[in-house]
Each structure stands twice: as C-alpha cells, then as structure tokens.
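Trainee: Take this structure first; my questions come after.
The values are calculated or read from the model by the stated rules, or taken from the named source; none is laboratory data. Every value quoted in this text rests on a predicted model; they were computed, and no experiment measured them. FYI the Cβ positions are ideal-geometry reconstructions off the backbone, even for glycines, and counts take in every protein chain you see.
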Amino acid sequence: MVDSKGDTPARPDDVAAARHLVESYGRLRAELGKVIVGQRGVLEELLVAMLSRGHCILEGVPGLAKTLLISTVARTMDLSFSRIQFTPDLMPSDITGTEVIEEDKRSGGKSMRFVEGPIFANVILADEINRTPPKTQSALLEAMQERQVSAGGVTRIVPEPFFVLATQNPIEQEGTYPLPEAQLDRFMFKILVDYPSAQEEMDIVRLTTGSTAAVIDRVMDAEGLLSMQETVRRVPCSDHVIGYAMALARTSRPRRGDAPKFVEDYVAWGAGPRASQQLVLAGKARALIHGRHCVSTDDIRAVAPPVLRHRIITSFNAEADGVTSDQVVRLLLDHVPRDASETIDDSLARRVFAAPGSS
C-alpha cells in the first residue's frame, strides 16, 4: 500500500492493472447488457460495490429482474452462485450448514460430517431477505464481516471473493421482518431498482418473448476479480477527500451540538464510521472505472446515496412530514461544503500508477 506521501514505491504493473480493470468493466457492462435492459445506474453501483469487496441490498418491486441481474453477474465473472429463498420458517442451519451422522457401512461405526450450506459460494443471492426473522437473517452476519462461518464448534472459511447480494420488496410489509440496523450496516450499498422507461420496457418485452436466448460470455474469474479488488485498494485518496467523506457521515449524526437543523429535526441515528470507510472505498472503485487514478469529491458525492440511505435512521418527525433518508442525504450533500480550492495530487497519482521508466 502506498502512503499519503507516496514514500512506498509503486508496483510496476499498477498502470496495466488499472487499464485492465477499465477494459474488464466495459466488457462486463456489454455482457450484462445482453440480458439486462437499461438500469445503467444500478449496474454501475452493483459492480462498484463488488470491486470494493462490499455487499449490497437491492430494493425494488417484483418483476424488475433483480434476481436475474445477480445471477447473470455471477455467470459473467465465473463465480459459484447460491440462491437462498428467505421464508418465515427458514432456520440458520439452512444457510450455514449442519452436522449429520454418517455411518461407515464396512465398519458399522458412526461419525459426524458437516454438510456445507448454501453460504459456501462466491455470490449469495439472499432473495427477499426481509421475509425471515432476525435470528435467521443474523446467520449471514459473521460471514459478511469476517468471511467465515462458525458451526458445530468449528470455524470454516467461506470462498473468496464473497458477496451477499440481498433483495427485498418495499411494497408488501405485512409479515415481513425489517433488517436490524447492525445487519444493515454490513451492507456497503442499498441500491434502489426503479421501473424501466417506456422504450426500455419495449426492449424487455421484445427480448424476453422471442425464441432466441442470449449467450453470456465469461469476462473474468475469481482470481481476476480479487486482483481488481487489490488494484482498487491502491488508488490514492487525498486527506481532503477523506475529510469530505468523513464530514458527510459525521454531519448526519444528531445531538452533537454542531449538527444542522434538518438533522436534529429528522434524524434519529446517523451514519457510523463504517460509512466513511465505505464512501472512500466506493469512491476509489468509481474513479477507476471512469478512467481516473485518484479520488475526487465528485466520486464521493456519486456514491453517497447508496452508502448512506440505509445508515441514516429517520425520526418520527420525518415520517410525519414525509421526509425520507434519501432526502436527508440530498440535504447533506447541499449542506457539507466542498473546498473550492480542491486540487487532485496528480504527482501522487503518477507515482502510484506510474509505468516503468515514465517520469
């Protein structure tokens, strides 16, 4: 890792890795476009989160291809995929796995054998995650944070890369179990999936009612994705941009004395330090896929809604006035100033992503 002063020498393959990431991102978008019509913002946010090693919640009404999107992403990256349909009777062991008694037919002896659950895959589709009680929802927590599962007194490592991509339906709330705040905070992004435009819907109907099925090509594999995640980590970020990300998170917290009035009026609990970390990481990934080698405040602003919307808990006053967490995020973006004299340290970017022999 390169420090803020660039004292650690850059690896000679950094610029090639950054270029390869941009090319792979373009190919991913092209392959996904064979199956997923429109949803450009959703696709970008999902891929940014995966490049940043983050988990996502996708929220939208039924029929918007959330499940298809996630399974297609796994296919294009050649990742193992598990779908877990969350229901009220789902148990934690149905996700993590369980020990079974196995009999040796030759000796007649019996032993315990652990049968891995669906969580032991690269991409976990947690479909309608709010349909199951918190006890079962929490079965994902250790795997999401620690990349491991404890069962039967033994800790088992989940495969890398590892992503939990959950979906939930915002319109049917009867019989659902809202995710606890501790689990929501483990998700890097909450992505809102909206209705397609009229032209996009026409394309969807034409694509899905014909006799020709789209052929999806593999763009990368697990090792390639892990390498790209490491490249994202090496993108430099100035203290000014880190400070801006921190300011967005810290300003969202009420009862601090210096919080703006709209935060005091409408926010019960603000975003924690993990939000600052996720803003910077997502900003690094976004900068790279747009062909830039260091992070600007524009990158932080672009990723602020999916990072903050599920971490800002609105108050009863907000509910009474019809104020949502997304509206609070927009107010934060208007309220927190960006330094007008902001400059990106191009010399640091060149040192980090310098080709061999370049100046």
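Trainee: I'd like the residue in the stretch 67-105 that is in contact with a Gly (Cβ under 6 Å, 6 or more places away or on another chain) and surrounded by 20 or more Cβ atoms within 10 Å (Cβ to Cβ) and, out of all such residues, is farthest from SER197 (Cα to Cα).
Mentor: THR96
Trainee: Now a separate question. Here's a check for you: in the stretch 22-35, which residue that is part of a helix (DSSP H, G or I) and of a type in the set (Lys, Arg) is nearest to LEU308 (Cα to Cα)?
Mentor: Taking the candidates together, the pick is ARG29.
Trainee: Among the residues of the stretch 305-319, are any of a type in the set (Val, Ile, Thr), touching a helix residue (DSSP H, G or I) at 6+ places or on another chain (Cβ under 9 Å), outside any loop (DSSP other than H, G, I, E, B) and at pLDDT 95 or above?
Mentor: Yes: the stretch 305-319 contains one or more residues that are of a type in the set (Val, Ile, Thr), touching a helix residue (DSSP H, G or I) at 6+ places or on another chain (Cβ under 9 Å), outside any loop (DSSP other than H, G, I, E, B) and at pLDDT 95 or above.
Trainee: Of all residues being assigned to a loop (DSSP other than H, G, I, E, B) and in contact with a Ser or Thr (Cβ under 9 Å, 6 or more places away or on another chain) in the stretch 215-229, which is surrounded by the fewest Cβ atoms within 10 Å (Cβ to Cβ)? Just the residue, please.
Mentor: For the stretch 215-229, the residue satisfying everything is ASP217.
Trainee: Would you kindly identify the strands (runs of 3 or more DSSP E) lying entirely within the stretch 152-194 that contain at least 3 residues that are on the phi < 0 side of the Ramachandran plot and at pLDDT below 90?
Mentor: Output list reads 154-157.
Trainee: So, in the stretch 195-207, of the ones that are surrounded by 13 or more Cβ atoms within 10 Å (Cβ to Cβ) and aliphatic (A, V, I, L, M), which residue ends up modelled with the highest pLDDT?
Mentor: This residue is ILE204.
Trainee: Which of the residues that make up the stretch 132-150 are surrounded by fewer than 21 Cβ atoms within 10 Å (Cβ to Cβ) and under 16 Å from LEU90 (Cβ atoms)?
Mentor: Hits for the stretch 132-150 are PRO133, PRO134, LYS135, SER138, LEU141.
Trainee: Within the stretch 65-108, track down each residue that is among the hydroxyl-bearing types (Ser, Thr, Tyr), within 20 Å of the chain's Cα centre (by Cα) and under 28 Å from PRO134 (Cβ atoms).
Mentor: THR67, SER71, SER80, SER82, listed by residue number.
Trainee: Could you please give the count of residues in the stretch 236-256 that are in a loop (DSSP other than H, G, I, E, B) and either under 15 Å from HIS335 (Cβ atoms) or under 18 Å from the mean Cα position of the chain (by Cα) (or both)?
Mentor: The total comes to 4.
Trainee: Find all pairs meeting these conditions: Cβ atoms under 8 angstrom apart; at least six residues apart or on different chains; first residue within the stretch 250-261 and at negative phi; second residue β-branched (Val, Ile, Thr) and assigned to a loop (DSSP other than H, G, I, E, B).
Mentor: Note: pairs meeting the criteria are THR251/VAL336; SER252/ILE312.
Trainee: Any residue in the stretch 118-141 that is over 27 Å from GLU181 (Cα atoms) and touching a Lys or Arg at 6+ places or on another chain (Cβ under 9 Å)?
Mentor: Within the stretch 118-141, not a single residue is over 27 Å from GLU181 (Cα atoms) and touching a Lys or Arg at 6+ places or on another chain (Cβ under 9 Å).
Trainee: May I pose another question? Can you pull out every residue in the stretch 320-359 that is outside any helix (DSSP H, G or I), among the β-branched types (Val, Ile, Thr), within 30 Å of GLY291 (Cα to Cα) and at pLDDT 80 or above?
Mentor: Answer for the stretch 320-359, where residues must be outside any helix (DSSP H, G or I), among the β-branched types (Val, Ile, Thr), within 30 Å of GLY291 (Cα to Cα) and at pLDDT 80 or above: just VAL336.
Trainee: A follow-up question, please. Is at least one residue of the stretch 36-50 surrounded by fewer than 18 Cβ atoms within 10 Å (Cβ to Cβ) and at pLDDT 85 or above?
Mentor: yes
Trainee: Follow-up question, since we're still on this one. For the structure I just gave you, tell me whether PRO273 is closer than 28 Å to LEU47 by Cβ, modelled with pLDDT of 95 or more and either out of contact with any Leu (no Cβ under 6 Å at 6 or more places or on another chain) or not assigned by TED's automatic domain parsing to the domain that holds VAL15 (or both).
Mentor: So PRO273 fails the test.
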